[in-house]
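S.K.: Got a structure for you, questions after.
Read the figures in this text as sums done on the coordinates, not as results from a lab. The shown structure was predicted, so the numbers you read here are calculated from the model rather than taken from an experiment. Every residue, glycine as well, gets a Cβ built from its backbone with ideal geometry; the counts of neighbours run over all protein chains shown.
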């Protein structure tokens, strides 16, 4: 085996991370005790350092989105422990900024009202929340659209509103669940760059789930590859590209293609497993 | 020059919108006038004693207005319908939310609920009259029993179709249960509730009128029964016309509410109804 493969618990014990995932398994409740049939995550362990940007990649259905939900405390793991900022997660921890695959905006609220809710849930008064929402939307380039309803915004604009709402909540951990998957290629580059600029400036811990290898490398400090279901850690790859990065230009940097090839090798092996089981 | 053409474009757009609105008014006036004229003509050929005529009906409305019977009967039917509708809506919302959230209970009672829903509620009228007398309460109960199911089904469906990711987004920001209910659950039920009320208005009038026909001493349903018993076609048709106007007022008020509350829905046709 190549040295970087299977390095599941490498370096975790040394420094207590921002997010610490230890031996986490999740079994969906169901009838029949068939082994592995409803096991979504199988003994997953890894850590994420303070301020680190980690991308999680894996075949669809490998439980990577589920892992994000476990970290956010939306539901409990069957086995193992997760700690955020040193606190074991038993309910939703403070300071979590979760961005969902859908933009999850309230359709009956305007952009600015949606964003202000984030600040209000962080304990701000109505007036202050609105001022903050106003500033955030201007910063992300939506100054013209603050009074529009989500149905009047494009997919990329809605994503930016959703990010602004999350920022208004002032989290110290960002959990992003395939936030760009519904966007077309050009919009994805544009919105991806907006996100990258904001996240790099904030310098907070980011856990980013994606199925796009290029995106994972372009954004992250480290790429964690998961196996097909039940999800385990297959490999980890440190990404040593200089910051600030560009969502698209990063792909032209020497060494990018090699990394992409290595990750694809691992992923392909996992996908073949899935395909052979399906066939 | 560019700004000028943009202003011109905007002016044209507003003018067009105005034209469309005017055309709608005219179309609707015609849609009322043509049947009235045909009815008036038909009354000469068929005979007023069978179908009365618009002029006679207008006259009767005027007389009823003067002797106070218009107010007496209309107010009675209106009260029965609106109170019954309100009770039906409240009960329907409560049951709808409970059954929407509690899947197991909903599945358990589903055949019984469907059975009750399919039971012609009109057949309950004699029972309500025995239990509650021939006054207001029997009709209110009948109306509520008709409205409650359509509200229940709509609200239950509304609860089930609430976007899970929105609730998760709120929970991930440590929103309290009260905040989730206030910001997410209640507003997502509003469109479903308005649809239910829209259907419920018609049912409420049916319930009130049928209740009055079976046992009452006043109300528009009673008036239809009473006048048709003495071959007073003008009286019967007058009551029907008033009922229709009542329904149109109910719907108009609802459309105004929809226009305000559902502003966020692009492509909603709520704005065109009034």
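S.K.: What's the exposure ranking of B:172, B:106, going from fewest to most Cβ atoms within 10 Å?
M.R.: B:106, B:172
S.K.: Using Cβ contacts closer than 10 Å as the measure, can you line up B:212, A:139, A:113 from fewest to most?
M.R.: A:139, A:113, B:212
S.K.: Using Cα pairs under 8 angstrom and six or more residues apart, how large is the relative contact order of chain A, in percent?
M.R.: Reported as a whole number, the value is 25 percent.
S.K.: Moving on to the next point. Could you line up A:56, A:239, B:199 from fewest to most neighbouring Cβ atoms inside 10 Å?
M.R.: B:199, A:239, A:56
S.K.: I would also like to ask the following. I'd like the FRET efficiency for residue A:257 and residue A:212, computed as 1/(1 + (r/R0)^6) with the beta carbon distance as r and R0 of 22 Å, rounded to 0.05.
M.R.: E(calc), rounded to 0.05, equals 0.90.
S.K.: Let me ask you something else. Considering only C-alpha atoms, what is the centroid distance from region B:166-221 to region A:154-186, in Å?
M.R.: What the calculation gives is 34 Å, centre to centre.
S.K.: Multiply the residue separation of residue A:185 and residue A:126 by 0.36 nm, subtract the distance between their alpha-carbon atoms, and state the gained length in nm to one decimal.
M.R.: Between residue A:185 and residue A:126, full extension yields 17.5 nm more.
S.K.: Here is a follow-up. Would you mind computing the Rg to Rh ratio of region B:1-46 from its alpha-carbon coordinates, Kirkwood style for Rh?
M.R.: With Rh from the inverse mean 1/r over Cα pairs, Rg/Rh is 1.49.
S.K.: May I pose another question? Can I get the semi-axes of the protein assembly as shown's equivalent ellipsoid? Compute them from the C-alpha gyration tensor as square roots of 5 times the eigenvalues, in angstrom, largest first.
M.R.: Value: 62, 30, 20 Å, ordered largest first.
S.K.: Continuing with the same structure: Counting alpha carbon pairs within less than 8 Å and at least 6 residues apart, what relative contact order, in whole percent, applies to region A:71-211?
M.R.: For region A:71-211, the relative contact order is 29 percent.
S.K.: How big is the shadow of the Cα convex hull of chain A, averaged over all directions, in nm²?
M.R.: So the mean shadow area of the Cα hull is 16.0 nm².
S.K.: Just to verify a number: FRET efficiency for residue B:130 and residue B:103, C-beta to C-beta distance, R0 = 41 Å, to 0.05?
M.R.: 0.65
S.K.: Assuming R0 = 41 Å, what is the FRET efficiency of residue A:193 and residue B:29, from their Cβ-Cβ distance, to the nearest 0.05?
M.R.: 0.10
S.K.: Using C-alpha positions alone, give me the convex hull volume of region B:53-272 per residue in cubic angstrom.
M.R.: Taking the convex hull of the Cα positions in region B:53-272, it is 151 Å³ per residue.
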